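The values are calculated or read from the model by the stated rules, or taken from the named source; none is laboratory data. Small disclaimer: the values here were computed from a predicted structure and weren't measured. For neighbour counting, all protein chains shown are included, and Cβ atoms are generated from backbone atoms with ideal geometry for every residue, glycine included.
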Amino acid sequence: MNPSMTNTARLLMAGLRALLVLTLVTGVIYPLVVTGIAQGLFNGRANGSETTADGRVVGSTLIGQQHYSLDYFQPRPAHGLGGNTVNTRYKLIVSGATNLAADNPKLVASVEAARAEVVKENSTADYRVRPSQVPPDAVTSSGSGLDPDISPAYAALQVHRVAERNHLSVAQVNRLVRDHTTGRTLGFIGEPRVNVLELNIAVKELAKGT
């Protein structure tokens, strides 16, 4: 055989062996090892941080849930979700922010309308919400539109409505909010937050027992 052809064949075989080895290592062994570690050490997170209630999966603590019943705590608005969503239960094609500037007339109008709605929905027979009490996260969507958390201030603003509609005391609901408030990560990263899904599950369970 021609020496040049022999050398070419040798190089091709070496390249093929390298391809097979790298495919096995990076395409089979590495994913299996990472998956095994994730399942063993972080099983809940590896499987989507699913949350169960009444024996069934009701959502993920990583994805916001839009509630249309005022019996429960409401999440942040989801105005950033794209127009080609299948429905508002997050079976969607895209997500994202509105990308509107702070002085954009459309955004300003949206915030003002949302604030008026928050004041109206959360004012009860014995508690009146003032516009100045409405926190920013109650009237603006997050970067993804899928934020699962709200601020303690927004949760506190909703306490009277949730208590009234579920025939619970304000003290009981305030206690639930405190129990489900998570502080800053490592004590200094981010802001205190309340997971809406977990809080609403707790509200439902408490209301069942009354």
Open item on the list: If I filter the stretch 34-44 for residues that are under 13 Å from L197 (Cα atoms) and surrounded by 10 or more Cβ atoms within 10 Å (Cβ to Cβ), do I get at least one hit?
Closed with: no
Task: Residue count, the stretch 119-142 (criterion: within 11 Å of R76 (Cα to Cα) and in contact (Cβ under 8 Å) with a residue 40 or more places away in the chain) - done: 6
Open item on the list: Here are the criteria: (1) closer than 28 Å to E50 by Cα; (2) in contact with a helix residue (DSSP H, G or I) (Cβ under 7 Å, 6 or more places away or on another chain); (3) at pLDDT 90 or above; (4) β-branched (V, I, T). Tell me which single one V170 does not satisfy.
Closed with: (1)
Open item on the list: Go through the stretch 113-132 and report how many residues are assigned to a helix (DSSP H, G or I) and either within 24 Å of the chain's Cα centre (by Cα) or hydrophobic (A, V, I, L, M, F, W, C) (or both).
Closed with: 9
Open item on the list: Is it the case, given these coordinates, that A46 is hydrophobic (A, V, I, L, M, F, W, C), within 30 Å of S60 (Cα to Cα) and either assigned by TED's automatic domain parsing to the domain that holds S60 or without any contact (Cβ under 8 Å) to a residue 12 or more places away in the chain (or both)?
Closed with: yes
Open item on the list: Could you tell me how many of the residues in the stretch 140-158 are surrounded by 21 or more Cβ atoms within 10 Å (Cβ to Cβ) and of a type in the set (A, V, I, L, M, F, W, C)?
Closed with: 4
- [ ] Within the stretch 52-69, identify whether any single residue is modelled with pLDDT of 80 or more, assigned to a helix (DSSP H, G or I), surrounded by fewer than 11 Cβ atoms within 10 Å (Cβ to Cβ) and of a type in the set (G, A, S), and answer yes or no.
- [x] no
- [ ] Residue by residue through the stretch 176-210, note down the ones that are farther than 15 Å from S151 by Cβ, of a type in the set (A, V, I, L, M) and either surrounded by fewer than 21 Cβ atoms within 10 Å (Cβ to Cβ) or touching a strand residue (DSSP E or B) at 6+ places or on another chain (Cβ under 8 Å) (or both).
- [x] L186, I189, L197, I201, A202, L206, A207
